[in-house]
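Let me begin by presenting the structure, written as structure tokens, before commenting on it.
The values are calculated or read from the model by the stated rules, or taken from the named source; none is laboratory data. Note that the structure is a prediction, hence the values are computed from the model and not measured. With ideal geometry, Cβ positions are generated from the backbone for all residues, glycine too; neighbour counts draw on all protein chains shown. Remember, those area values only see protein heavy atoms, side chains included, never the ligands or the DNA or RNA. Shrake-Rupley method; radii C 1.70, N 1.55, O 1.52, S 1.80 Å.
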Amino acid sequence: MILVTGGAGFIGSNFVIHAIKYGRHKIINLDKLTYAGNLETLRSISGHENYLFVHGDIGDEKLVSSLLEKHRPYAIINFAAESHVDRSIHGPRDFIQTNIVGTFNLLESVRGYYQSLDTHEKMQFRFLHVSTDEVYGTLEKNDPPFSESNPYEPNSPYAASKAASDHLVRAWHHTYGIPVLTTNCSNNYGPYQFPEKLIPLIIHNALNHKPLPIYGDGLQVRDWLYVEDHCEAIETVLLNGKIGETYNIGGNNEKTNLFVVETICQILDRLMPRQDQKSYAELITFVKDRLGHDRRYAINAKKISLELGWKPKETFETGIEKTIRWYLENSVWVNSILSGSYREWVAKQYGH
Ligand code: NAD
Ligand code: DAU
């Protein structure tokens, strides 16, 4: 039995769906169902005997403690977070509340639970905290990729809140002996990603003949990882990672944003040609840059590869094609999760 938090979001839901479908774990999914969490995503497993959904907040110590006491999981995977950098720039409060205060409360519930375990249960127990490469700050063009020993230099409110949560997790290990693992991953893409993030936003806008917004000069670099590869890496770290260690996870796929958007346009031109025969690339529009925009992220994933034998299966080329095909075949899912608040967000961020 694993308690997963934030399992109705993008990465958490991919993890939960695979874990249940392949019969690997029993899962309790605790999720607050913010705008980013959606039960529609989990419909295929909703009645499964190995799966239980609980609507709630990681910051609700009473609820979390009672769940832990009742279900006695051998592991917790903390995906729950506010995760969108642009939203953190408009309104950082929710990021501080969930990512810092929420993680603190969750750790306190875990501390109480851990103390109640017997020696054998204590040896088995793990708290895996899912974090991001953004805690390391930004890289210049020729800098080596981020390794686990890079100093923390977060630049956005989102990154700072995740960095703070990583520090809390580390301290709860060193001070209270909680057996923690932390993973710092690069940009994910794939099925069930909310269309506020670059890749699903571009696919969604292109299919609706809307402008494809590129911040600044579009030459910022991200290191893209297919979400199922990330989920496998998390499971690998959970089962074989060394207590108290951090593991960087990345796809070895450094691409500029402009390249990513142009690639999506080329694939859509092939799979779903426009009626007027023009390329989707015509919709590319350069817009005002993100405040404090980090120029480049890149991950050195040697540690997880050499010590735990994990490697990504997808290249960017195979993963992006799969992703676009998934969005073309799942327009019902996209439409079901887009609400009035999504339209308000788009108006606020892009001014149309
Ligand atoms: P997401 O925004 O898609 O999903 C977050 C989920 O957490 C949602 O279901 C939301 O309802 C839930 N949630 C938010 N606040 C909560 C709270 N207080 N209590 C319980 N549930 C709450 O995020 P994602 O992209 O799936 O990211 C998951 C985790 O992975 C995050 O911690 C994020 O920082 C990290 N991460 C994401 C990426 C990426 O590229 N998306 C890369 C590296 C790390
Ligand atoms: O690096 C890991 C991080 O990746 C995760 O921790 C975050 O949760 C996740 O949101 C992601 O952060 P980014 O800011 O890198 O992702 P986003 O999809 O928002 O943007 C990717 C790049 O594309 C970034 O350089 C900004 C740019 N961009 C984004 C949007 C939404 C645009 O040019 N136009 C856009 O409209």
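A few remarks follow.
- Filtering the range 251-307 to residues that are of a type in the set (Gly, Ala, Ser) and either open to solvent by 80 Å² or more (accessible area, probe 1.4 Å) or assigned to a strand (DSSP E or B) (or both) leaves nothing.
- Of all residues making up the range 33-49, the number that are open to solvent by less than 40 Å² (accessible area, probe 1.4 Å) and assigned to a loop (DSSP other than H, G, I, E, B): 3
- Taken over the range 187-199, residues that are within 17 Å of residue 134 (Cβ to Cβ) and either within 8 Å of ligand 1 (Cβ to nearest atom) or crowded, with 23+ Cβ neighbours inside 10 Å (or both) amount to 6.
- Restricting the range 50-73 to residues that are within 21 Å of residue 97 (Cα to Cα) and either open to solvent by 60 Å² or more (accessible area, probe 1.4 Å) or touching a Pro at 6+ places or on another chain (Cβ under 8 Å) (or both), the residue that is farthest from ligand 2 (Cβ to nearest atom): 62
- Within the range 207-223, the set of residues being part of a loop (DSSP other than H, G, I, E, B) and more than 9 Å from ligand 2 (Cβ to nearest atom) comprises 208, 209, 210, 211, 217, 219.
- Restricting 153, 134, 148 to residues that are within 12 Å of residue 184 (Cβ to Cβ) and either within 15 Å of ligand 2 (Cβ to nearest atom) or hydrophobic (A, V, I, L, M, F, W, C) (or both) narrows the list to 134.
- Single unsatisfied condition, residue 128 versus (1) of a type outside the set (Asp, Glu); (2) more than 15 Å from ligand 1 (Cβ to nearest atom); (3) not in a helix (DSSP H, G or I): (2)
- Residue in the range 22-32 that is at pLDDT below 95, basic (Lys, Arg) and surrounded by fewer than 20 Cβ atoms within 10 Å (Cβ to Cβ) present: yes
- Looking across the range 14-32, the residues that are outside any helix (DSSP H, G or I) and in contact with a strand residue (DSSP E or B) (Cβ under 8 Å, 6 or more places away or on another chain) come down to 25, 26, 27, 28, 29, 30, 31, 32.
- Filter result for residue 170 (open to solvent by 40 Å² or more (accessible area, probe 1.4 Å) and closer than 18 Å to residue 3 by Cα): no
- Just one of the listed residues (184, 248) is more than 10 Å from ligand 1 (Cβ to nearest atom) and not in a helix (DSSP H, G or I), and it is 248.
- Count of residues meeting criterion [within 12 Å of ligand 2 (Cβ to nearest atom) and hydrophobic (A, V, I, L, M, F, W, C)] in the range 224-237: 3
- Neighbours by Cβ (under 6 Å, 6+ apart or cross-chain): first from the range 333-352, among the small types (Gly, Ala, Ser); second modelled with pLDDT of 90 or more: 336/40; 341/35
- With respect to the stated conditions, residue 166 is part of a helix (DSSP H, G or I) and of a type in the set (Asp, Glu).
- Among the residues of the range 193-206, just one is within 11 Å of the chain's Cα centre (by Cα) and more than 9 Å from ligand 2 (Cβ to nearest atom), namely 194.
- Restricting 341, 336, 279 to those that are within 16 Å of ligand 1 (Cβ to nearest atom) and in contact with a helix residue (DSSP H, G or I) (Cβ under 8 Å, 6 or more places away or on another chain) reduces the list to 336.
- Residue in the range 339-349 that is part of a helix (DSSP H, G or I), away from ligand 2 (no atom under 16 Å from the Cβ), modelled with pLDDT of 95 or more and surrounded by fewer than 17 Cβ atoms within 10 Å (Cβ to Cβ) present: no
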